[in-house]
Amino acid sequence: MDLPLLPTSTTGAYCVPSWLQASREPMRAGAFGTFDVQETFDDAVLVALDDQLRAGIDVVTDGEMRRLDFIMGFYERLENVRPAEPFRKIGFPLYDQVTLYETTGKVVAPRGLGCVEEVQFLRRLTDRPIKVAVPGPLTLLTPMVVRDGYARADDLVDDLAAIVRRELERLQDSGCALVQVDEPAFHEYFATDLGRATRLFNDLVAGLRLKVALHVCFGNYAGRPRSRRSYRPLVPFLRDARADQLVLEFANREMAEIDLWPEYGGDRELACGVVDQKSFYREPPAEVAERIRLALRYVPAEKLWLNPDCGMQFTPRWLGRAKLRALVEGARLVRRELAGAGEQHGAV
């Protein structure tokens, strides 16, 4: 990838246009034909890409416009699962209102997860470097309930890992250069066995030739965290996970624990969250630049990428555009400072 110093990207998902949100119920009700559905999602990707290009983002995504609320759309591509009632239906949305999925047999995805098709469409639209996010097996497990087909959740995890692995291989075969594996929920299942989580991830990506990023956050549904917001207990996993890049959230925690990076970062890249997409506050570029400067105390400039903390699907689009512009302008401010410092050093 031909990228500037301090490359900018999103974390995958982008703000959902209001008209796409309004179209979802008619789609489910059968009011849209096949071509109507395709046109709607294609147009949504065009909007997401245009917003990123206008902001000046260096590595773009399709905004995950074809997906539903991060991972929920993937269950339509899995066989031998059926929707089940959420635990709570009344009140403001939170994690206990998410639809559950029960197993009815061995879970398979004969058509894949659709990520390859997303990349292929996006590649026709832009010559910018592209990143695609793929859900990790533990993330796919999050709303699933083991019923028929499995004696225990560990066996289901193995099948989900096989599905994700096949998707990663298909992406690699299609020429995809950068994939982000999303595992924000792994520590819920292996909090006391980080070694098991490490082996699961390392087996998932073993032998792949494409660049692998690992995204670990603390939850983002409706802009709310799901778990304890600390990377310190996860240091052994983050240190030993065989990822080329770690994608982590810092902005919404006021850059807390950025000083831990030397303990687990090694010579890898950090894609650092320097914009808080959960907050309604619009960070000015100067404030984003301050966060970048703080990260540079611990991460070499050539190893630092910049992005929002997490996906922006719950962020209003007008606000998301403003945050992306602040991200890009903050990066440009610091790039100019680094270039100026280099020139002064050369003059000496």
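What follows draws every value from the coordinates through simple rules; no lab data is involved. Keep in mind it's a predicted model, so treat the numbers as computed, not measured. Note that we place each Cβ from the backbone using ideal geometry, even for glycine, and neighbour counts take in every protein chain shown.
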Scattering curve values for region 246-306, log₁₀ I(q)/I(0), Debye with Cα scatterers, q = 0.30 Å⁻¹: -1.44
Using R₀ = 22 Å, calculate the FRET efficiency as 1/(1 + (r/R₀)^6) where r is the Cβ-Cβ separation of ASP240 and VAL146; round to 0.05. 0.20
Under Stokes-Einstein, with the Kirkwood radius over Cα pairs standing in for Rh, what whole-number D in µm²/s applies to region 88-146 at 4 °C and 1.567 mPa s? 88 µm²/s
Lysines within cross-link reach of LYS106: Cα-Cα under 26 Å, excluding same-chain residues under 8 positions apart? none
Calculate one ³J(HN,Hα) per residue across region 79-95 by plugging θ = phi - 60° into the Karplus curve 6.51 cos²θ - 1.76 cosθ + 1.60, and present them in order as whole Hz with x for glycine and proline. 9, 6, 10, 9, x, 10, 5, x, 6, 9, 10, 10, x, 5, x, 8, 4
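Out of all Cα-Cα pairs in region 4-137, roughly what percent, to the nearest whole number, are more than 27 Å apart?
On the way: 2500 of 8911 pairs.
Taking all Cα-Cα pairs of region 4-137, the fraction more than 27 Å apart is 28 percent.
Under 8 Å for C-alpha pairs, at least 6 residues apart: give me the relative contact order for the chain, rounded to a whole percent.
Values: 596 pairs, mean separation 68.1, N = 348.
Computed over the chain, the figure is 20 percent.
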Cα coordinate range in region 192-347, projected on the principal axes (Å, largest first): 47, 43, 28
On a 0 to 90° scale, report how tilted helix 153-173 is relative to the longest principal axis of the chain, with both axes built from alpha carbons and the result rounded to the nearest 10. 60 degrees
What whole-number value in cubic angstrom gives the convex hull volume per residue for the C-alpha atoms of region 294-340? 78 Å³
Going through region 51-98, which trypsin sites (Lys or Arg not before Pro) have at most 16 other Cβ atoms within 10 Å and a DSSP loop state? ARG88, LYS89
By how many degrees, between 0 and 90 and to the nearest 10, does the Cα long axis of helix 285-296 differ from the longest principal axis of the chain? 90 degrees
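Taking the Cα centre of the chain as origin, work out the dipole magnitude from +1 charges on Lys and Arg Cβ and -1 charges on Asp and Glu Cβ, in debye rounded to 20.
Details: 46 positive and 51 negative charges, 79 e Å.
In debye, rounded to 20, the chain gives about 380.
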Would you be so kind as to identify which of PRO83, ILE71, PHE32 lies farthest towards the positive end of the dipole of region 30-103, taking Lys and Arg as +1 and Asp and Glu as -1 on Cβ and the Cα centre as origin? PRO83
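Just the number: Rg to Rh for the chain, Cα atoms, Kirkwood Rh, two decimals. It would help to have the intermediate numbers written out before the result.
On the way: Rg = 19.9 Å, Rh = 20.8 Å.
Reported Rg/Rh (Cα atoms, Kirkwood Rh): 0.96.
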Using alpha carbon centers only, region 272-348 is separated from region 31-79 by a whole-angstrom value of 25 Å
Kindly provide the chymotrypsin sites (Phe, Trp or Tyr not before Pro) of region 35-123 that DSSP labels as loop, not H, G, I, E or B, and whose Cβ sees at most 12 other Cβ atoms within 10 Å. PHE87
Going by alpha carbons, how many degrees (0 to 90, nearest 10) lie between the helix axis of 317-347 and the longest principal axis of the chain? 30 degrees
